[in-house]
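Taking it in order: structure first as structure tokens, then the write-up.
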Amino acid sequence: MVQYNHSSFDGSFAALSDATRRGVLERLGQGDASITDLAEKFHMTLTGMKKHVGVLEQAGLVTTRKVGRVRTCKLGRRRLAEEAAWIDRHRRLWEARFEELDQVIDELKRKEKVDGRKARQ
Amino acid sequence: MDARQDNELTPVKNLTAVGRKSECEIIVTRTFDAPARLVFQAWTKPELFKRWWLPKSLGVSLLSYEADIRTGGGYRLELDIPGHGSMAFFGKYLEVTPHSRIVWTNEESEDGAVTTVTLEEKSGKTLLVLQELYSSKEALERAGGSENGLPEQFEQLDELLLSLGGA
């Protein structure tokens, strides 16, 4: 196995390179789940699922908490931050577009005024 | 009272609000200080449209643009994206109703959204509501890598994070 501790960038890269792990993140996006739930859903042994979750945990994409004998997994803060970042990027794009659109519209407004004056003359 | 307050205030910048309406839907709203007729014109005349669609801050340049902006018409934009090369975006106009509604598709990828813009005029100002409807939650998340790409979006990590669920 590769060591995933070079940097968080490499960690995320490796963590997301696997289809099961991407599936686990998608599943956790719908709500928290125990390792047992995840193992069942992905037709895997508990040990196999623990390894996958471990890789996701190291990359900061998932956090786990053990209560009694059950280990519950949830999306890590990085993943949630990504969602917020997505919305923010979208907002910045549209804001920038609309600021330039304002300029085009101002020009049209000025032109209409001038044309209106000419028409009345 | 209101008029007095208006005089005292410096003009407030119109705010662009973005929110997720559902798992597959994004909604963007913005008010323009102009009648709907002018907003519609700036959106549907290709020579005006291309002046604002790619804001300078995006750092992307337009290689070519063709558009037939009417119901049933189509468009094709080719962009030069630094570090990414040229990328084409194309689709159809499902509806173009003067001064009130523009609906188009993005067909360059399976993840392309259907975008609906509605214009509502009130006392000389226009409220623009833009909705992007994606085929799935995953398509919406992956869409970060489309022409909406601000430069940092093309970083490898971002692409991977946005492609979650693309198994």
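Annotations
- Condition check for B:VAL103: modelled with pLDDT of 95 or more, under 19 Å from B:ILE26 (Cα atoms) and buried (at least 17 other Cβ atoms within 10 Å of the Cβ): yes
A quick yes/no check of all residues on (1) assigned to a helix (DSSP H, G or I); (2) touching a residue at least 24 places away in the same chain (Cβ under 8 Å); (3) over 25 Å from the mean Cα position of the chain (by Cα):
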position: A:ASP37; (1), (2), (3): yes, no, no
position: A:THR47; (1), (2), (3): yes, no, yes
position: A:GLU57; (1), (2), (3): yes, no, no
position: A:LYS74; (1), (2), (3): no, yes, no
position: A:ALA96; (1), (2), (3): yes, no, no
position: A:LYS113; (1), (2), (3): yes, no, yes
position: A:ARG117; (1), (2), (3): yes, no, yes
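- Residues that are within 9 Å of chain A (Cβ to nearest Cβ) and either of a type outside the set (D, E, K, R) or loosely packed, with under 15 Cβ neighbours inside 10 Å (or both), drawn from segment B:13-32: B:LYS13, B:ASN14, B:LEU15, B:THR16, B:ALA17, B:VAL18, B:GLY19, B:ILE26, B:VAL28, B:PHE32
- Residue tally, condition of a type in the set (D, E, K, R) and surrounded by 13 or more Cβ atoms within 10 Å (Cβ to Cβ), over segment B:122-134: 2
- Candidates are the residues of segment B:50-65 that are within 17 Å of A:GLN103 (Cβ to Cβ) and part of a loop (DSSP other than H, G, I, E, B); the one that is farthest from the other protein chains (Cβ to nearest Cβ) is B:LEU54.
- Residue within segment A:23-35 that is farther than 23 Å from B:LYS137 by Cα, at pLDDT 95 or above and part of a helix (DSSP H, G or I) present: yes
- Selection from segment A:86-98 of residues that are facing another protein chain (nearest Cβ under 7 Å) and either of a type outside the set (A, V, I, L, M, F, W, C) or touching a Ser or Thr at 6+ places or on another chain (Cβ under 6 Å) (or both): A:ARG89, A:HIS90, A:ARG91, A:ARG92, A:TRP94, A:GLU95, A:ALA96, A:ARG97, A:PHE98
- Residue ID - modelled with the lowest pLDDT, chosen from residues in segment B:135-150 that are over 17 Å from B:ARG20 (Cβ atoms) and surrounded by fewer than 20 Cβ atoms within 10 Å (Cβ to Cβ): B:LEU150
- Residue match in segment A:105-114 (condition: within 20 Å of B:LYS125 (Cα to Cα), out of contact with any Ser or Thr (no Cβ under 7 Å at 6 or more places or on another chain), of a type in the set (A, V, I, L, M) and crowded, with 20+ Cβ neighbours inside 10 Å): yes
- If the condition is being over 21 Å from B:LEU133 (Cβ atoms), assigned to a strand (DSSP E or B) and in contact with a strand residue (DSSP E or B) (Cβ under 7 Å, 6 or more places away or on another chain), then segment B:68-105 contributes B:ARG76, B:GLU78, B:LEU79, B:ASP80, B:ILE81, B:SER86, B:MET87, B:ALA88.
The values are calculated or read from the model by the stated rules, or taken from the named source; none is laboratory data. On a predicted model such as this, the values are computed, not experimentally measured, just so you know. FYI the Cβ positions are ideal-geometry reconstructions off the backbone, even for glycines, and counts take in every protein chain you see.
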